[in-house]
Every structure is written in structure tokens, then in C-alpha cells.
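Before any comments, here is the structure.
The values are calculated or read from the model by the stated rules, or taken from the named source; none is laboratory data. None of these values were measured; they are calculated from a predicted model. Here the Cβ is made from the backbone with ideal geometry for all residues, glycine too, and neighbour counts use every protein chain on show.
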């Protein structure tokens, strides 16, 4: 019991550390310039691509955790990778101006839709990553909401490129 509590706290603290306590190299999201109408599509595309890459990493981790045929070690590694991916995505979102700027009404509504899809998928993936394999072992859990949001973000990225 005590070991489980310690592990959960260590994982939560590790996730918090990954979510942005350490400053690293600035991404394409950090270089965005906002105007009253939002951000230029051309400038936003590299940032959007980086966000989708992190969603892809998190999605792969969730798929591995959900696969009950995988050994526990592989599912645990997938959980850590998923947490790292959602933390990296959270850092990109902060560098892009945070959820308040990303969800503001812009002239380019497709960029708004992209931002909302990314934020939705990140939140759902983070929940699944945090609870990990136990979530999938406890019940027949489906992941359609996050997958739909992730797929929508990927589709919009393809459209705006």
C-alpha cells in the first residue's frame, strides 16, 4: 500500500516536472506573433506539426497500455512515454500562448478548431496516461473521444499546410 502511494506521488511529481519546470530549447510555438486577428497560418503550421507529433506519441502509448496482450513492463514504459508526450505537448501549448490565446476567436477559424481539438485530445490522453494500464484492466475502456479529437487535429493540419 505504501509503495503504491509513493509510486503515484513520484509519477505525479515527475509529470509535473516534465510539464514545464525545466526550460529547454524553444520550439516553433515560442516564436508565434499574435495580432488582433490571431496568428498567421503560415507561422502556425510548424507549431501545429510539433503538437500533432506529440499527440502521435501519446496515442501510441495509450494504444500499448490498452493492449492486454502486452507484458506489464511494456505497458509501464508506454505509460511513461505517454506522460512525457503529454508533458511536451503542454509545454508547446504554453509556448504558443496558453489555452486562453489558443481558444480566442481568430479570423482563421480552422486554426481555432485545430487548437480546440489538440487541447481536448491532450486532456483525454493525459487522463488515460496518468491512470495507465490499470484503467484499461479495470473495465472495457474505449478511447474514441481522444482519437476523434486527435484525428481532427491531424486532418486540419493536413488542410492548412
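Please give the number of the condition residue 122 fails out of (1) surrounded by fewer than 19 Cβ atoms within 10 Å (Cβ to Cβ); (2) part of a helix (DSSP H, G or I).
In the conditions (1) surrounded by fewer than 19 Cβ atoms within 10 Å (Cβ to Cβ); (2) part of a helix (DSSP H, G or I), residue 122 misses (1) alone.
Quickly run through region 91-110 and pick out the residues that are surrounded by fewer than 21 Cβ atoms within 10 Å (Cβ to Cβ), in a helix (DSSP H, G or I) and in contact with a helix residue (DSSP H, G or I) (Cβ under 7 Å, 6 or more places away or on another chain).
95, 99, 110
Pick from 24, 20: which is at pLDDT below 90, in a loop (DSSP other than H, G, I, E, B) and touching a helix residue (DSSP H, G or I) at 6+ places or on another chain (Cβ under 7 Å)? So that I can check it myself, show each step before the final result.
Numbers: 24 fails: touching a helix residue (DSSP H, G or I) at 6+ places or on another chain (Cβ under 7 Å).
Of 24, 20, the one residue that is at pLDDT below 90, in a loop (DSSP other than H, G, I, E, B) and touching a helix residue (DSSP H, G or I) at 6+ places or on another chain (Cβ under 7 Å) is 20.
Looking for something at pLDDT 90 or above, surrounded by fewer than 22 Cβ atoms within 10 Å (Cβ to Cβ) and not in a helix (DSSP H, G or I) - is there at least one such residue anywhere in region 51-63?
no
Quick check: anything in region 79-102 over 27 Å from residue 31 (Cα atoms) and at pLDDT 90 or above? Steps first, answer last, please.
Initial filter on region 79-102 (over 27 Å from residue 31 (Cα atoms)): 79-80.
With at pLDDT 90 or above added as a condition, the list becomes 79-80.
Yes: region 79-102 contains one or more residues that are over 27 Å from residue 31 (Cα atoms) and at pLDDT 90 or above.
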